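One structure is given here, and the rest of the page talks about it.
The values are calculated or read from the model by the stated rules, or taken from the named source; none is laboratory data. Fair warning: this is a prediction, and the values are worked out from it, not measured in the lab. Don't worry about glycine lacking a Cβ; one is built from the backbone with ideal geometry, like all the others, and counts go over all protein chains shown. To get the accessible areas, we keep the full protein, side chains included, count just its heavy atoms, and leave off ligands, DNA and RNA. Shrake-Rupley method; radii C 1.70, N 1.55, O 1.52, S 1.80 Å.
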Amino acid sequence: MRKYFIFIFLLLFGFFLSGQTQKQERPKVGLVLSGGGAKGLAHIGVLKAIEESGLEFDYIAGSSMGAIIGGLYAMGYSPEFLKQMVSEQSWTSLIMDVYPRKYLNIDEKGTSEKFFLNVGFTKNGFKLPSGIVEAQEISLLLSHLCSPSYQSRDFSQLQTPFLCMGACLENVTPLVLEKGDLPYALRSSMAILGFFSPTEYDGHLVTDGGLVNNFPVLELKKRGMDIIVGVDVQTPRLERDNLHSLTSDIWHVINQHSLEAQIEALAETDIYIHPDITGYDMMNFNSWDSLINRGEVMGMQFLPQLKALADSLNAIEYRPPKDRGLQPLDSIYIEDIQYKGLKNVSKELLNNYKRFQAGNVIAIKDIEHWIHMAGGTNYFEQLRYELYPGVEGAILILHVKETIGQNIGVSLHFDSDYKATINLKATFRNMLVDGSKAEMVLALGDNAYFNGNFFINRGLRPSFGTAITLEAINMYQYNKGNRSSMFRLMDISFSPYVRSIFKNYLDIVLGAEIEYSGQKPVIDYISFDRIDDGYLNLRLNTKLDTRNTLYYATKGTFLSLTGKLVQGISGELKTADPYWFGAFQLNSSFRLSKRFTVRPGIHMVATTESKRSPVQYQAYLGGVEYSVLPGLIPFMGIQNMSYAGNFAYVTRLDLQYRVFRRRGFIVATFDVGDIETRFKDLGYAKNLKFGYGLTVAYNSFIGPVSLSITGCNQSKGVGFFVNIGHKL
C-alpha cells in the first residue's frame, strides 16, 4: 500500500507545485543500491527504467556489487554500456582470478602448475591466504573502467556525488569510502569475506561493506537527501532448508550482521524496488542476462512512480539529463612512474617487463600487459595500478603485494607404468639475492626424482643459475615383446648455466654439467656388479610454450630441444670419444570448432652410433607417459621402453573433442614411427610401427584423470592405461 500512497502523493504534489507562483527549493534525491553478489547485476535493469523516467539523482550510495554498479553510473556510464560490459566478461575466469597462461613465466610453466596445494610459510609457521581469490583481474577491470575519473580523488566530485561502504575488519564496523582511488574503493567494498582477500584502505583493513551495512540509506540522509530511491537485491532471511551451499551460507551470515541497519534503512526509503531474483545466488554471474532482465521488469513496474517524481522535481527546477556517453580511456599521458610495496623484489625485475617509459602517452592495455607479465613470475600475490592526478597528465603508481618468500606445494600421481608418486615442491624467493628463486622438486615413488635449482630472474637479460638433479629410475629390456631384464639407474648431475627468458614463453639455457651414473642390472631379480661412469658435459636446452592450457590445449605450440656433448671422465667410457645426444619435440594445437581440436606433433631422438652408449642417453620407444629420461618417446600400444636404439622418430596426431563443461575430453591418437640402432635402417616401410589409442579424460583440480585403450601393429590385443594427477 505504501508505494501506491507515495504515487498518489507525488501526483498531487506535482499539481500543487504547478499552481504555485513562489519558487520552491527542489528536494534532493538519493539512489541506494544494495549488495548481493551476482544478484546486483539486476541493478543495471532497474537503472534502464530509471533512465526512461528521466529521474536524476543528487547522490548515489552502494555496497559491494551495488557499489560497483552505482559508482560506474555515478561516473557517467549508461545502463546500455554496463550491460554490454557485463556481457563481454568471462565471469568464471574473472571471479576465480584465472591468470591468462600466456603471461605465466616460462620458468613457472609445467612446474608450478602441477601442484594443486600451495601453502606459504614464514619463520612463524605456515600462513594461509586471507582469501581464496586476490581479485587481481577484477582490480584491473575496475581500474580500466574508472580511468576517465582518475582526477576525482573526492567522490563527491564525480558527475553524480558517490560513496560506498566497507567494513573495517579489525572491529567489524561500517566504513564510508568516499575519497581516494575510486577503483580501489569499489574493489574494497566488494571484498566478500573469506572469498576475496581484504584490502588495506586508508590505514584500515577493509572487507565487504555488506557485512555491516548492505543498504546505506542513512548515509545519504546524513548528506541531506530528502527522498530515497532504494534498489534492494538482498535475499530475505533464509530458513534452514535453504542453506544448501557455501555462497548461500556466506550471504546468510552477512545478512544477519547487517539486519539491524537494514530495518532502519527500509524505514527511510521512499521508493523501495526489490527485483524478483528467486532462484539465484551471489555467484550466478553467468546468468547476467536473466538477472538484468528481472531488474528491468521490476523497474518498469515502478516507472509511473519514478516518472511522477521526476516531473514533480522538474516542475520546481528543471535539470537537463546528465551525459551518459562515458567511455574508458584508451591511453593517457604518464608523467612519472612510482612503486609502492616493494621490499625484496627489485625495480629492475619489474622494469624488465615494461615496454614504455614515463613522459609519453601510454595505452592502458600496455599498462595491463606490464602487470600481467610481471605477475607471471609469481614473485607477487597481487599487482594493481593507480592513476594519480599530475600537472599535465597522470602519475602511474604500481602497488605490489609480494609473494611470501617461502612456499610448499604438494601433488599426487598414479599411472599404470610408474605407479604411485607423491610430488613435493619447496620454493624460496629472494633468499640470498633480490629476484632470486631457489626451488626443490621431489618425486617419491618407484621412480624417484629430485631437482634443486637456484636462479636469479633478470627478466629478458641473461641470468645465472645452478641445478642439481638426482634420478633413481627403473629401466627395462625386452625380448620378443617380453620383459627380460630390469636396470636400476642412479644418476646425479651438477650444472652451472646461463639462461635467457624471452617474452615469458621462450627459454634458452646453456650450461656445463658434471654427471655421475651408476647402473645395477637385475635379471630374474638376481643382482650383478654395478656399472659406474662419470661424465663432463656441455648442454643446450630450449623450450617454447605458448599453449593456452598445460593439458588438452586448444591453441598454441610446445617445442623442446635438448642437445648434449657427453665426455666420459671415469669408468669404461673414460677413453671413449665424445658422445652426442639430441632430442626434439614439437606439438601444436589448432581449434577447428568450439569443441574440436587437432593436435599434430613430432618427436625425434638422435645419438652417436656406438657399441657402448650411456643408457640415460639412448633413444627409447613405448608407454603413454613421458619420463625424466630425455630420450623416451611415448607410443600408443607399445609397453614402456620396449624398444631401444640410437635413432627414433614418432609423428602423432590427436583428434580432441571437448565435453562436460570444458573439462572433459575424448581424444583419438594415432602414432607412426620407428626406432633403429643404425641411422641407415631408419624409415623403411617394413620397420614402421603404427599405434592408436582412445582416451577419455577429465581435467580436474588435482590434474588429468584419464583412461586410455591402446593398440598397435607390433602386438595383439589392446592395452589399458590409467593416469591420475600430475606427473613431473
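The listed residues are G511, G534, G465, and the only one of them that is open to solvent by less than 40 Å² (accessible area, probe 1.4 Å), modelled with pLDDT of 95 or more and not polar (S, T, N, Q) turns out to be G511. Looking at region 76-94, can you tell me whether even one residue there is within 21 Å of S143 (Cβ to Cβ) and in contact with a strand residue (DSSP E or B) (Cβ under 8 Å, 6 or more places away or on another chain)? Within region 76-94, not a single residue is within 21 Å of S143 (Cβ to Cβ) and in contact with a strand residue (DSSP E or B) (Cβ under 8 Å, 6 or more places away or on another chain).
Scan region 679-699 and tell me whether some residue there is surrounded by 15 or more Cβ atoms within 10 Å (Cβ to Cβ), within 37 Å of the chain's Cα centre (by Cα) and not in a strand (DSSP E or B). Within region 679-699 (the criterion being surrounded by 15 or more Cβ atoms within 10 Å (Cβ to Cβ), within 37 Å of the chain's Cα centre (by Cα) and not in a strand (DSSP E or B)), the answer is no, since none of the residues qualifies.
Looking only at region 497-508, residues that are basic (K, R) and crowded, with 19+ Cβ neighbours inside 10 Å come to 1 in all.
Just so you know, in region 427-438 the residues that are part of a strand (DSSP E or B) and open to solvent by less than 20 Å² (accessible area, probe 1.4 Å) include one that is modelled with the lowest pLDDT, and it is S436.
Restricting to region 62-86, and then to whatever is of a type in the set (A, V, I, L, M) and in contact with a Pro (Cβ under 8 Å, 6 or more places away or on another chain), can you tell me which residue is nearest to T160 (Cα to Cα)? Of everything passing the filter in region 62-86, A74 is nearest to T160 (Cα to Cα).
Remark: pairs (first residue in region 487-509, under 16 Å from Y535 (Cβ atoms); second residue open to solvent by less than 40 Å² (accessible area, probe 1.4 Å) and outside any strand (DSSP E or B); Cβ separation under 8 Å; 6+ apart in sequence or on different chains) = L489/V615; L489/Q616; D491/Q616. Taking the criterion of being closer than 14 Å to L326 by Cβ, outside any loop (DSSP other than H, G, I, E, B) and not aromatic (F, W, Y), the residues of region 70-97 that qualify are G71, L72, A74, M75, P79, E80, L82, Q84, M85. Residues in region 333-357 that are farther than 26 Å from F428 by Cβ, touching a residue at least 24 places away in the same chain (Cβ under 8 Å) and open to solvent by less than 40 Å² (accessible area, probe 1.4 Å): I334, I337. Meeting the requirement of 2 or more residues that are of a type in the set (G, A, S) and out of contact with any Ser or Thr (no Cβ under 8 Å at 6 or more places or on another chain), the strands (runs of 3 or more DSSP E) wholly within region 553-635 are 556-570.
At pLDDT 95 or above, touching a Phe, Trp or Tyr at 6+ places or on another chain (Cβ under 8 Å), loosely packed, with under 15 Cβ neighbours inside 10 Å and more than 30 Å from R26 (Cβ to Cβ) - does that describe any residue in region 320-329? Yes, the conditions are met somewhere in region 320-329. Picking from V650, V659, which residue would you name as being at pLDDT 90 or above, closer than 25 Å to K555 by Cα and out of contact with any strand residue (DSSP E or B) (no Cβ under 6 Å at 6 or more places or on another chain)? Among V650, V659, only V659 is at pLDDT 90 or above, closer than 25 Å to K555 by Cα and out of contact with any strand residue (DSSP E or B) (no Cβ under 6 Å at 6 or more places or on another chain). Number of residues in region 659-678 that are buried (at least 20 other Cβ atoms within 10 Å of the Cβ) and within 17 Å of F590 (Cβ to Cβ): the value is 2.
Please tell me if I395 is touching a Pro at 6+ places or on another chain (Cβ under 8 Å) and under 28 Å from F196 (Cα atoms). So I395 fits the description; yes.
Results for (1) touching a residue at least 60 places away in the same chain (Cβ under 8 Å); (2) surrounded by fewer than 15 Cβ atoms within 10 Å (Cβ to Cβ); (3) more than 15 Å from the chain's Cα centre (by Cα), shown as yes or no for each residue.
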| position | (1), (2), (3) |
| --- | --- |
| K83 | yes, no, yes |
| S90 | no, yes, no |
| G110 | yes, no, no |
| H144 | yes, no, yes |
| Q151 | yes, yes, yes |
| M165 | yes, no, yes |
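On the basis of being assigned to a helix (DSSP H, G or I), buried (at least 17 other Cβ atoms within 10 Å of the Cβ) and at pLDDT 95 or above, does G30 make the cut? No, not satisfied.
When region 40-90 is filtered for residues that are aromatic (F, W, Y) and closer than 26 Å to A135 by Cα, the ones remaining, listed by number, are Y73, Y77, F81. Listed by position, the strands (runs of 3 or more DSSP E) contained in region 367-420 that have at least 3 residues being under 30 Å from F721 (Cα atoms) and open to solvent by 30 Å² or more (accessible area, probe 1.4 Å) are 406-415. In this structure, does L387 turn out to be at pLDDT 95 or above and not acidic (D, E)? Judged against the criteria, L387 is a match. Would you check if there is a residue in region 441-457 being open to solvent by 70 Å² or more (accessible area, probe 1.4 Å), under 20 Å from S346 (Cβ atoms) and not β-branched (V, I, T)? Within region 441-457, none of the residues are open to solvent by 70 Å² or more (accessible area, probe 1.4 Å), under 20 Å from S346 (Cβ atoms) and not β-branched (V, I, T).
Considering only region 312-322, I want to know if a residue exists there that is of a type outside the set (S, T, Y) and more than 23 Å from Y73 (Cα to Cα). Within region 312-322, one or more residues are of a type outside the set (S, T, Y) and more than 23 Å from Y73 (Cα to Cα). Taken together, the criteria exclude D524 from residues that are among the charged types (D, E, K, R), under 25 Å from A576 (Cβ atoms), open to solvent by 50 Å² or more (accessible area, probe 1.4 Å) and modelled with pLDDT under 90. Evaluate the following for L104: is it within 32 Å of the chain's Cα centre (by Cα) and closer than 14 Å to I292 by Cβ? No: the conditions fail for L104.
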